[in-house]
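Remarks on the structure that follows.
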Amino acid sequence: MRIAFVGPPMSGKSTLFRAVTGLPASHQHVGEQLAVVKVPDPRLDWLHTLHPTARKVEATIDCIDVPGFSHETVAQQNEFRKSLPTLRKCDALVAVVRAFESPSVPPYRNRVDARADLEELAAELAFCDLEQVVNRVERLEKSLKKPTKTHEQEKRELDLMQRLQAALENNQPVASAVHSDDEWKLLGGFQFLTRMPLIVVINVGDDQAAAPTPFAYEHARTTISLCAETEEQIAQLEPADRKAFLDDLGVAEPAHDRLVKACYESVGLISFLTIGDDEVRAWPIRRGVDAVEAAGKVHTDIARGFIRAETVSYNDLKAAGDMKAAKAAGKIRLEGKTYIVQDGDIINFRFNV
Ligand SMILES: Nc1nc2c(ncn2[C@@H]2O[C@H](COP(=O)(O)OP(=O)(O)O)[C@@H](O)[C@H]2O)c(=O)[nH]1
Ligand SMILES: [Mg+2]
């Protein structure tokens, strides 16, 4: 999974980026920056105790910090737009907006207004989608003037594109104008920003870190609030020391864990696990994926030669104690190709190529 931090300048995007990636405050960058974040999974930790010499491989999330979007200068606007191709390749966007007051850090547009910033960001994302749609509309109109074999299909697409255009001009996400799976298929080649799951992070002052989230943004899958600056400092501590500081702050989980969870949920991801003497590993997949597709994540050969998925749920394995006991208790199921993989399934794929 890949996510990017978007929002106005001075909202704390880079601070949050360091808080979740563990990079030190001294780490500064210009332009885009990517870092890989491990997905904490206590199930994996326990499975590792069964195979202590195996490599433990957590699921990971690619986090990208991009320049802030800004309408204050054309240069800043262009800087943000350069990152659009990167944003379009993401699975979700994390909007970071500012609610903290700080006399030494001038806020975007000289006012601290998280909701207004979100609305401006949403409008910017809609505008970027609109540009793509308008381009396509122009090309289709041109093409439709000539007789082509694909005339009917192009007419349908033009009709849909014009609907998208109207929606985006009204600041509505593309999804509001798409009415069927067939229409989504027509749009297969586009990666619309307003279609991507949005996670909102309201960056509050440390005195508000434990308070309820000030508001939930209606176009976001999840809204969380945290204090990026304090989280950045806590992330620099030894893991054993972090809890005391979080307790002090009144916060149950560090920003890293909260954000990872929010991303997993917003994108609809679950993890299945594989265990063996050389590797114990968590694999992220979308909820609803069948056993063959899951097998393909591990290796295309395993999907091609799929025979059965020997599956045990984490809770059953944990209760039994180990694989042998789970087998004796009849907890290992032989699942076929169409089995829908569940979160925490431990799978041994049988295959033949
Ligand atoms: N007081 C306070 N300052 C913060 C917080 N988060 C970020 N800052 C400060 O705000 C400034 C801009 O932060 P930065 O992460 O670079 O913002 P970006 O432009 O969105 O990447 C820096 O001086 C940070 O130290 C916060 O939660 N509280
Ligand atoms: Mg920054």
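The values are calculated or read from the model by the stated rules, or taken from the named source; none is laboratory data. What you see is a predicted model, and the numbers here were worked out from it, not measured in a lab. In this analysis, Cβ positions are derived from the backbone assuming ideal geometry, glycine residues included, and neighbour counts consider all displayed protein chains. Keep in mind that these areas ignore ligands, DNA and RNA; they rest on the heavy atoms of the full protein, side chains included. Shrake-Rupley method; radii C 1.70, N 1.55, O 1.52, S 1.80 Å.
Could you give the distance between the Cα centres of the stretch 201-277 and the stretch 158-194, to the whole Å?
Centre-to-centre (Cα) distance: 33 Å.
Classify the stretch 247-327 from the C-alpha gyration tensor, please: rounded if a/c falls under 1.5, else prolate or oblate depending on whether a/b exceeds b/c.
Oblate, since a/c reaches 1.5 and b/c is not below a/b.
From zero outward in steps of 10 Å, how is the percent of C-alpha pairs of the chain spread across the bins?
Answer for the chain: a P(r) of 5, 20, 26, 23, 17, 7, 1, 0 percent.
Need the full-extension length gain, Thr86 to Ala210, defined as separation in residues times 0.36 nm minus the C-alpha distance. One decimal, nm.
41.3 nm
Would you work out what percent of the accessible area of the stretch 288-351, with all protein chains in place, is carbon or sulfur (probe 1.4 Å)?
48 percent
Size of the dipole of the chain about the Cα centre, Lys and Arg at +1 and Asp and Glu at -1 on the beta carbon, nothing else charged, in debye to 20?
1360 debye
In what order, largest first, do Asp241, Asp257 sit by accessible area if the probe radius is 1.4 Å?
Asp241, Asp257
Can you tell me the relative contact order of the chain? Whole percent, Cα pairs under 8 Å, sequence separation 6 or more.
Normalised by residue count, the contact order of the chain is 19 percent.
Taking 0.36 nm per residue of separation and subtracting the Cα-Cα distance, what length does fully extending Asp248 through Arg156 add?
27.2 nm
Give, as ranges by residue number, the residues of the stretch 50-73 whose backbone N falls under 17 Å from the point 7 Å along Cα→Cβ of His299.
Answer for the stretch 50-73: 55.
Keeping every protein chain present and rolling a 1.4 Å probe, give me the accessible area per residue for the chain in Å².
Per residue, the chain has an accessible area of 51 Å².
Quote the FRET efficiency, to the nearest 0.05, computed for Ala240 versus Val30 with a Förster distance R0 of 35 Å and r equal to the Cβ-Cβ distance.
Efficiency at R0 = 35 Å is approximately 0.50.
Label points 7 Å out from Cα along the Cβ direction at Gln172 and Lys142: separation in nm?
Output for this residue pair reads 2.9 nm.
Give the lysines whose C-alpha is closer than 17 Å to that of Lys331, dropping any in the same chain fewer than 8 places away, or say none.
Correct list for Lys331: Lys318.
So, in nm, how far is label Trp184 from label Asn135 when the simple model puts each one 7 Å beyond its Cα toward the Cβ?
Simple spin-label model gives 2.4 nm for this pair.
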